[in-house]
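What follows is calculated from the coordinates using simple rules that are stated; it is not laboratory data. The structure displayed is predicted, hence computed values, not measured ones. When we count neighbours, we look across all protein chains shown, and the Cβ atoms used for this are built from the backbone with ideal geometry, even at glycine.
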Amino acid sequence: MDFGANWQFYDQLDLSLTPDEWITKEVLKGIPGESTLRIGTSGWSRKEYAGTLYPKGIREAGVLTEYSRIFNCVELNATHYKIYGPDAVRKWVEKTRGRDFKFCPKVPQVISHHSTLLNAGEETAAFLEGVRAFEDQLGPIFLQLSEYFSPVRKQNLYKYLEQLPRDLKFFVEVRHPDWFGIAAERREFFTTLHQLGIGAVITDTPGRRDCLHMGLTTPDLFVRFVTQGGHPLDITRLHKWKKRLEEWQQSGLQEIYFFLHVHDGKFEADFYREVQKLFGLTSQQTQMSLF
């Protein structure tokens, strides 16, 4: 994912984390607890993984199993392009069986981008029927709206979210600048998601710092961390995140999903080793307590 990336001026940008939103202070009650840290990427089949993250010559059939030995969750972008039925989903589950591994499916674009959200009931039902087959390996489902979906259509979004089943966990990623640039819309967005028990995706990408909103509408966290790969600033930014996570953990942060989007895949294996070192992880760990 290169959304908002500005690599030409990467080392000239202010990459500090913004202060917590008011909603974060309301959601995190100030009671320390254990935070489960899950780290993953946007998929298991990037060609750059062969011979770096994965052994050379690995067969396609074994790729997901190998991925699940390294990461303990995946941002499942495959579901953004196609609605998968239960049988297809169970095949993925079989390849990760026995591991504490979560699939985080992305809502299909036929719903998120090609509809008004008010006429997508049939597609939504088919999508949810499929992803329920993940059973206890189903992580948060995330709805990503396009950069053109502005608060002008907010009632479409809010009505759609109201109809989603309450037994599943959802997060929403908005990209149009007005969601964060207009104070009243920003406040209403966070308030509505909090009332519905739905999370707000935090996107940390160099060229769109408004999407780094630091607003937690649930006590769980879903971060999409976009980085160049092979640049010293990548690790500097991670250190800032570690400090903020420590602060939130002391206030009651629970489950953390931290997805790495490395622009240049040839650096991804080395970058993940740095992530492991920073957070004190090993690639064979399945459920990781943050501190």
For E129, indicate whether it is more than 26 Å from V275 (Cα to Cα), out of contact with any helix residue (DSSP H, G or I) (no Cβ under 7 Å at 6 or more places or on another chain) and acidic (D, E).
no
Looking at the structure I just gave you, is F180 of a type in the set (A, V, I, L, M, F, W, C) and farther than 23 Å from E75 by Cα?
yes
Strands (runs of 3 or more DSSP E) lying entirely in segment 55-171 (those with 1 or more residues that are aromatic (F, W, Y) and either out of contact with any Leu (no Cβ under 7 Å at 6 or more places or on another chain) or surrounded by 14 or more Cβ atoms within 10 Å (Cβ to Cβ) (or both)):
102-105, 141-144
Take segment 21-78 and flag every residue that is among the acidic types (D, E) and under 17 Å from K266 (Cβ atoms).
E48
Based on this model, can you work out whether T65 counts as farther than 23 Å from V172 by Cα and among the β-branched types (V, I, T)?
yes
Given the residues G230, G215, G197, G280, which is the only one that is closer than 27 Å to P32 by Cβ, surrounded by fewer than 15 Cβ atoms within 10 Å (Cβ to Cβ), touching a residue at least 12 places away in the same chain (Cβ under 8 Å) and not aromatic (F, W, Y)?
G197
Which condition from (1) surrounded by 12 or more Cβ atoms within 10 Å (Cβ to Cβ); (2) more than 27 Å from V226 (Cβ to Cβ) is the one that G30 breaks?
(1)
Top-ranked residue in segment 43-54 [being surrounded by fewer than 19 Cβ atoms within 10 Å (Cβ to Cβ) and of a type outside the set (A, V, I, L, M, F, W, C); ranked as nearest to the chain's Cα centre (by Cα)]
G43
